[in-house]
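*Asks:* One structure, pasted below without further comment.
The values are calculated or read from the model by the stated rules, or taken from the named source; none is laboratory data. Model, not experiment: these values are computed from the prediction. Positions of Cβ are backbone-derived with ideal geometry, glycine not excepted, and every protein chain shown enters the neighbour counts. Please note that ligands, DNA and RNA were not included when accessible areas were found on the heavy atoms of the full protein model with its side chains. Shrake-Rupley method; radii C 1.70, N 1.55, O 1.52, S 1.80 Å.
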Amino acid sequence: MILDLHTHSIKSDDGRAKVQNYCQWIRAREIPIDGFVLTEHRQYDATSDYSSLASEFGLCILKGSEVETEYGHVLVFGVTDALLATFDFSDIRLPLQRVVEACAAHGAIPVPCHPGRKRVGMQAHVGEFGVPEGVRIVEIYNGGSRAREDEIAQTMADDLGYLGIGGSDAHIVSHIGRCATRFPATISNTPELVEALRAEDFEALTFKT
Amino acid sequence: MDIEALKEEFLNKDFDEQSFDVDADDIVNFALACGEIAPRYTDPSHPDFQAPPTFASSFHAGRRMPEGFPKIPGLGMDGGKASSLKHPIRPGVRLVGRTHLHDIYTKTGRSGPMTFLVMRMEIYDPDGVQLATADTSVVIRERPGK
Amino acid sequence: MTINRISDVEFGEELPVFTPDTSLDNVRRFATAAGWAGPRFTDHEAARAEGLPGALVPGIMSQGFLAAMIHRWAPEAQIKNVDTVFRAPVIVDQPYTISGVVTDIDEEAGNVEIDLTVNNEAGETRVFGTATVRISNPSS
């Protein structure tokens, strides 16, 4: 099963894609993914219900978040009410350690994203703050990466022994599925996604040309 | 900086009103420079001559910020524009633009911490008919080393 | 193909790529017409003195390029809104490509949604956005 683990909809300040249009696009253009995770910036969208769209288009649509820390941006999979109560998702200066510890305590998975990117990527901060504890997975393919940013991410992952995922970081419809992650098992809900990530059996994919 | 307090005090209150006279030559030069080839934007003798749909984004408010709004240090840049057109803008009509602060938020990007101020100008004709809305996202980037 | 009616529009259709004129002369012409003739847009040295990589193509000019691409594809299209995010500077005298792709069609309302991008030579997206465009059928 292939999921795009990093997408934004109009719920994000700079997102310009409606979720329905993502679904139409995936099916009409035969984008080789089976679903996607909406990781809206600095928030968790607890209210939107995409289950009918998921059924209509035969796609897995899940929700996570993208928060901001001193090590850059971090995807969070497995957000629960209890996790939401532990830190302010809208804070742009969250301590990564706090996010990592909160995720560990509440069964969620933190994944630093676009780690090769200037300032908002983890690699730019490892020299200053050291290698953070508790990170097991980073995003090594990001659809919005500029020159060499993915290479930097992969090198960092190799050097530090991290596993890699892929996500498009789509903000407009036509960018969905540029990068994704393949899992051996079928995933149909967030606990299954968390379980699959925890099993550490997945492969980052890029479809960028 | 307390963003919520700033929102409470400043959002959705008109802080500027400005008049604009639209000139046919400026429309033509604007359109041609952008690569427009449709005669209704490039030929003043065309019966439907009008400004290109994004022309409204070029109007400047007289005041950049509401009175009393705190100065945010950093390099200000244009972070985005949104233009909505309800009716065409044509030359020879005095327009009025009323501006308010529509949103404020912070985030971090490739250039570091940033504050976004979204200004919304609503543009009216002399009869009070709204022709267009133009949003500008001003992004203020903290200078490196801050 | 030039589009004259919404029934001619296909989902996923890519608009003909448009190469905009980002020369300093053209940007000066635009900036003067738009009332944006500041040195940041019209003078490379002045822009560099501000810490910028060179003179900038004004964001509203990028927005104008995107609108022009739509009209080149569908000359009678009425652009209802254009919403653009400026991700990175677009620099004067450098080459860019302007692209668009149809992401939704509502034939009943006559509306088409288009994804818009301005990419540099490396294929990096500098500006992205969306437009909602009304394209009627001639009989409607």
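*Asks:* Distance from the Cα centre of the range A:14-90 to that of the range C:96-131, in angstrom?
*Replies:* So the separation of the two Cα centres works out to 22 Å.
*Asks:* Moving on to the next point. Let me check I have the definition right: for chain B, take the eigenvalues of the Cα gyration tensor, multiply each by 5, take square roots. What are those semi-axes in whole Å, largest first?
*Replies:* Semi-axes, largest first: 33, 18, 11 Å.
*Asks:* Kindly tabulate the residues in the range C:48-64 with an accessible-area decrease of at least 20 Å² between the chain alone and the assembly of all protein chains, using a probe of 1.4 Å.
*Replies:* For the range C:48-64, once contacts with the other chains are taken into account, C:50, C:52, C:60, C:63, C:64 lose 20 Å² or more.
*Asks:* Still on this model: Taking beta carbons within 10 Å but only from partner chains, what does the mean come to for residues B:76-89?
*Replies:* 6
*Asks:* Heads up, I need the accessible area for residue A:194: 1.4 angstrom probe, whole protein in place, Å², nearest 10.
*Replies:* For residue A:194, solvent-accessible area is about 10 Å².
*Asks:* For the peptides A:160-167, A:173-180, B:108-115, what is the packing order when you average, over each peptide's residues, the other Cβ atoms within 10 Å and list the highest mean first?
*Replies:* A:173-180, A:160-167, B:108-115
*Asks:* So, one more: Order the following by accessible area, largest value first: B:14, A:150. Probe radius 1.4 Å; ligands, DNA and RNA are ignored.
*Replies:* B:14, A:150
*Asks:* Please report the spacing between the Cα centers of the range A:124-139 and the range A:147-195 in Å, no decimals.
*Replies:* 17
*Asks:* If packing is taken as the average number of other Cβ atoms within 10 Å across a peptide's residues, how do C:60-72, A:115-127 rank, most packed first?
*Replies:* Ranked from most to least packed, the peptides come out as C:60-72, A:115-127.
*Asks:* Under a straight-distance cross-link criterion of Cα-Cα below 30 Å, which lysines are reachable from residue B:13, leaving out those fewer than 8 residues away in the same chain?
*Replies:* A:11, A:18, B:71, B:81, B:86, B:107, C:80
*Asks:* Probe of 1.4 angstrom, ligands and nucleic acids ignored: what's the accessible area per residue over the protein assembly as shown, in square angstrom?
*Replies:* About 42 Å² of surface per residue is accessible.
*Asks:* Another question, if that's okay. With a 1.4 Å probe, what is the total accessible area buried between chains B and C, in Å² rounded to the nearest 100?
*Replies:* Numbers: alone 8650 and 7580 Å², together 13650 Å².
The contact between C and B buries close to 2600 Å².
*Asks:* Still on this structure, I have one more. Applying 1/(1 + (r/R0)^6) with R0 = 30 Å to the Cβ-Cβ distance of residue C:109 and residue B:5, what FRET efficiency is obtained, to the nearest 0.05? Walk me through the numbers before you get to the answer.
*Replies:* Working: r = 41 Å, r/R0 = 1.37.
So the FRET efficiency works out to roughly 0.15.
*Asks:* May I pose another question? Which Rg and Dmax, in Å, describe the Cα atoms of the protein assembly as shown?
*Replies:* Here Rg and the maximum Cα pair distance are 23.0, 70 Å.
*Asks:* Distance from the Cα centre of the range B:3-71 to that of the range C:1-63, in angstrom?
*Replies:* 16
*Asks:* Here's another thing I want to ask about it. Ignoring ligands, DNA and RNA, what percent of the 1.4 Å accessible area of chain A is carbon and sulfur?
*Replies:* About 48 percent, which is the carbon plus sulfur part of the accessible surface.
*Asks:* Continuing with this model, one more query. So how far apart, in nm, are the two label points at residue C:23 and residue A:126 if each is 7 Å from Cα heading toward Cβ?
*Replies:* According to this spin-label approximation, the distance is 4.7 nm.
*Asks:* Count, for each residue of A:190-199, the Cβ atoms from other chains sitting within 10 Å of its Cβ, then give me the mean as a whole number.
*Replies:* If you average over the peptide's residues, the count of other-chain Cβ atoms is 0.
*Asks:* What order do you get for B:127-139, C:114-126 when each peptide is scored by the mean count of other beta carbon atoms within 10 Å, highest first?
*Replies:* Details: B:127-139: 17.5, C:114-126: 19.3.
Taking the mean over residues of other Cβ atoms within 10 Å, the ranking is C:114-126, B:127-139.
*Asks:* Compute accessible area for the range B:23-40 by itself and then with all protein chains, 1.4 Å probe, and report residues whose area falls by 10 Å² or more.
*Replies:* SASA drop of 10 Å² or more in the range B:23-40: B:26, B:29, B:30, B:32, B:33, B:34, B:35, B:36, B:37, B:38, B:40.
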